[in-house]
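Asks: There's a structure below that I have some questions on.
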Protein chains: 2
Amino acid sequence: MQEFLSLAEFMADEAGKIIRTYFRQPFDVECKSDDSPVTRADREVEHRLCGIIARQRPEDGIHGEETGVKDSRSGYTWIFDPIDGTKQFAGGRPTFCILIALCYEGRPLMSIMDQPILGERWVGVKDRPTTFNGKIVRTRACKDLKTARLGMTSPRNLAFTETLAPLHEATQFIAWGGHAYGFAQLASGWLDVVMEKHFGPFDTVPVVPIVEGAGGIITDWSGNPPNLTGKGKVLAAGDPATHEQMLDFLRAHGEAQAAARAAGSSHRKAA
Amino acid sequence: MQEFLSLAEFMADEAGKIIRTYFRQPFDVECKSDDSPVTRADREVEHRLCGIIARQRPEDGIHGEETGVKDSRSGYTWIFDPIDGTKQFAGGRPTFCILIALCYEGRPLMSIMDQPILGERWVGVKDRPTTFNGKIVRTRACKDLKTARLGMTSPRNLAFTETLAPLHEATQFIAWGGHAYGFAQLASGWLDVVMEKHFGPFDTVPVVPIVEGAGGIITDWSGNPPNLTGKGKVLAAGDPATHEQMLDFLRAHGEAQAAARAAGSSHRKAA
């Protein structure tokens, strides 16, 4: 594991060097079909990381947001998203992340979430405590959803705009923006609940060891294990009580059912 | 002016020292009647800044979010909001700001927006170019709203949730979160349009010299001068073309009219 961790930390360092040269510089933003902006920085980092894996662990598989899938011959697969939170990146806000994760036979083994402008790094390893810049972190106890700080990237995470007002009522507040970075804040106990939609493997897999290693719970919006191979909605909470209350809320407002239908239809499409 | 600037920079330095000791530490969040969380850090900073003004410029007035109004005998009034963006602050995100501004006879003379974790400081002075960490910044040219990067704190800025989907369609993307920090990003050319609601004097006054000194436009949602004495909705754009297109959008969706009605009713209440 130490070999893998050192390699992942080296890759995060290299990615950060490239990203810092692009941050807040004039650059083109292209639109992909799913409307998320993809930058040259994104592709340059992914190219660099693929090169490192090809040289140092040629048998390992790769699953990158830009480069697609390279099959594994070792059982190990690296998953990365060079700039998660590209809109925040494009808007000059240092709340994007480099995400790097390693799976063995489809199960997440370890992951890094790195914020290269702030010099912040969360490391999650299966069955070990999550660390933030080398120090162990824990989620915050929060028994009542009314006192929970909720992180969510966009109101478009919700299936129904009618859910917005009751969600504000049900929680202490919603901190908008964030994407995967919100899960790191949950691991550190600064947020209590984080809800995202449209999370692919390059988002969900890196988030799982970090949340679980900090004592948090991560599921889909119906309380089932999160989808690690396709796109899905993800719900994380630092406290089991708040997690249960948020699942109740999502059911009561039809959001859980809508998320399950969307997941089912994307599953049928993939099949 | 140099004397005022030095004093304002000293106050921002002092505020930053206090705020850094509170950021990401466990702390209580209280709820005010308007539901924004106010922290002990907020009050400690405001107490410190009031003390500095009382000693160094005892004739000047003060308008603080926590301490209320102290009348001016010199014509000069200091306005400050120690932690603008308290939800981001509480969530562990360094995208809040210290706001300090100086007015003479009600007109904004100069202002500072400081992000004490990142070491970022924007300075705006009437009729002078805005600076970011000492370097002159300019807003970005953006002729077409379809290519505009929009910053907005929360979907609750809108009067109608039905406006949300067309707003996503009409712009390149919406970066959620931010509060006053978004206006600094507009001044630096990273965002093209920023829209906020419920901006009081301690938010709006500091934002005006920074946006205008960078070549941007700042108005209310109907294109009139922003409300510098009460609460109101604020629209800033880096390019006049995008500003005009966003005003058209807000009129077409009834948001401009709703904002004007809200401003009128709060005006009547105040009268």
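The values are calculated or read from the model by the stated rules, or taken from the named source; none is laboratory data. It should be emphasised that the depicted structure is a prediction, and the values quoted were computed from it without experimental measurement. We place every Cβ from the backbone using ideal geometry, glycine too, and count neighbours over all the protein chains shown. Note: areas computed on protein heavy atoms with side chains; ligands, DNA, RNA excluded. Shrake-Rupley method; radii C 1.70, N 1.55, O 1.52, S 1.80 Å.
Asks: To the nearest 10 degrees, how steeply does helix B:2-22 sit against the main Cα axis of chain B, on a 0 to 90 scale?
Replies: 90
Asks: Please give the residues of the stretch B:97-128, grouped as numeric ranges, whose backbone N is less than 17 Å from a label point set 7 Å along the Cα-to-Cβ vector of residue B:25.
Replies: B:116-117
Asks: Note down the magnitude of the dipole of chain B about its Cα centre, charges +1 on Lys and Arg C-beta and -1 on Asp and Glu C-beta and zero elsewhere, to the nearest 20 debye. Could you put the intermediate results ahead of the total?
Replies: Values: 31 positive and 34 negative charges, 23 e Å.
Charge dipole of chain B: 100 debye, to the nearest 20.
Asks: Now, a different point. Hey, got the dipole for the stretch A:55-192? About the Cα centre, +1 on K and R Cβ, -1 on D and E Cβ, debye to the nearest 20?
Replies: Details: 17 positive and 15 negative charges, 85 e Å.
So the magnitude is around 400 debye.
Asks: Can I ask one more? Distances from residue B:52 to the same residue in each other copy, label points 7 Å out along Cα→Cβ, in nm, shortest first?
Replies: Residue B:52 label point versus its equivalents elsewhere: 4.2 nm.
Asks: Considering only protein heavy atoms, with the full assembly of protein chains and a 1.4 angstrom probe, order A:146, B:135 by accessible area, largest first. List each step's numbers first, then the result.
Replies: Details: A:146 115, B:135 150 Å².
Largest accessible area first, the residues go B:135, A:146.
Asks: Restricting to bridges with both residues inside the stretch B:2-136, how much of the DSSP beta-bridge set is antiparallel, in percent to the nearest 5? Provide the component values of the computation, followed by the final result.
Replies: Details: 29 of 33 bridges.
In the stretch B:2-136, approximately 90 percent of DSSP beta bridges are antiparallel ones.
Asks: Name the most mobile residue of A:54, A:41, A:148, meaning the one with the largest mean-square fluctuation, in a Gaussian network model of chain A with Cα contacts below 10 Å.
Replies: A:54
Asks: At 1.4 Å probe size, with every protein chain present, just tell me what the per residue accessible area of the stretch B:2-136 comes to in Å².
Replies: On the way: 5680 Å² over 135 residues.
Using a 1.4 Å probe on heavy atoms only, each residue of the stretch B:2-136 averages 42 Å².
Asks: Pick from A:230, A:91, A:178: which is most flexible by mean-square fluctuation in a GNM of chain A where alpha carbon atoms under 10 Å apart are linked?
Replies: Top of the fluctuation ranking is A:91.
Asks: Let me ask you something else. Please report, in debye to the nearest 20, how large the charge dipole of the protein assembly as shown is about its Cα centre when each Lys and Arg carries +1 at its beta carbon and each Asp and Glu carries -1 there. Please list the in-between numbers first.
Replies: Values: 62 positive and 68 negative charges, 8 e Å.
Dipole size: approximately 40 debye.
Asks: Helix-only estimate, please: 222 nm mean residue ellipticity of the protein assembly as shown, summing -39500 (n - 2.57) across DSSP H runs of length 4 or more and dividing by its residues, to the nearest 500.
Replies: On the way: 16 runs with 198 residues, N = 542.
The helix-only estimate for the protein assembly as shown comes to -11500 deg cm²/dmol at 222 nm.
Asks: Another one. Would you mind telling me which residue in B:235, B:247, B:191 has the biggest mean-square fluctuation in a Gaussian network model of chain B, where springs connect alpha carbons within a distance under 10 angstrom?
Replies: Result: B:247 has the largest fluctuation of those listed.
Asks: Chains A and B: how much accessible area gets covered up at their contact, both sides added, probe 1.4 Å, in Å² to the nearest hundred?
Replies: Details: alone 12070 and 12070 Å², together 21040 Å².
Buried area between the two chains comes out at roughly 3100 Å².
Asks: If you add up the charges near residue A:202, with Lys and Arg at +1 and Asp and Glu at -1, over every other residue whose beta carbon is less than 9 angstrom from its beta carbon, what do you get? Intermediate values should be presented prior to the final figure.
Replies: Numbers: positive: none; negative: A:65, A:81, A:84, A:203.
Overall, the nearby charge balance is -4.
Asks: So, one more: Could you work out the mean count of beta carbons from other protein chains within 10 Å of each residue's beta carbon in A:150-160?
Replies: Neighbouring Cβ atoms belonging to other protein chains average 4 per residue here.
Asks: What are the distances, in nm and sorted shortest first, from the label point of residue A:26 to the label points of the same position in each other copy, with each label point placed 7 Å from Cα along the Cα-to-Cβ direction?
Replies: 5.0
Asks: Roll a 1.4 Å probe over the protein heavy atoms and report the accessible area of residue B:74 in Å², nearest 10.
Replies: For residue B:74, the solvent-accessible surface is approximately 40 Å².
Asks: Per residue of A:83-94, what is the mean number of Cβ atoms on other protein chains within 10 angstrom of that residue's Cβ?
Replies: Working: counts 0, 0, 1, 2, 8, 6, 2, 6, 17, 13, 14, 7.
Per residue, the average neighbour count from other chains is 6.
Asks: In nm to one decimal, list the spacings between the residue A:230 label point and its equivalents in the other copies, with label points set 7 Å along Cα to Cβ, shortest first.
Replies: The answer, with the shortest distance listed first, is 5.4 nm.
Asks: Further question: If you take the charge dipole of the stretch A:2-136 about its Cα centre, with +1 on Lys and Arg Cβ and -1 on Asp and Glu Cβ, which of A:124, A:134, A:104 is farthest toward its positive end?
Replies: The residue sitting farthest along the positive end of the dipole is A:134.
Asks: Shifting gears a bit: If you plug each phi of the stretch A:84-89 into the Karplus form 6.51 cos²θ - 1.76 cosθ + 1.60 with θ = phi - 60°, what whole-Hz ³J(HN,Hα) values come out, in order, with x for Gly and Pro?
Replies: 8, x, 5, 5, 5, 4
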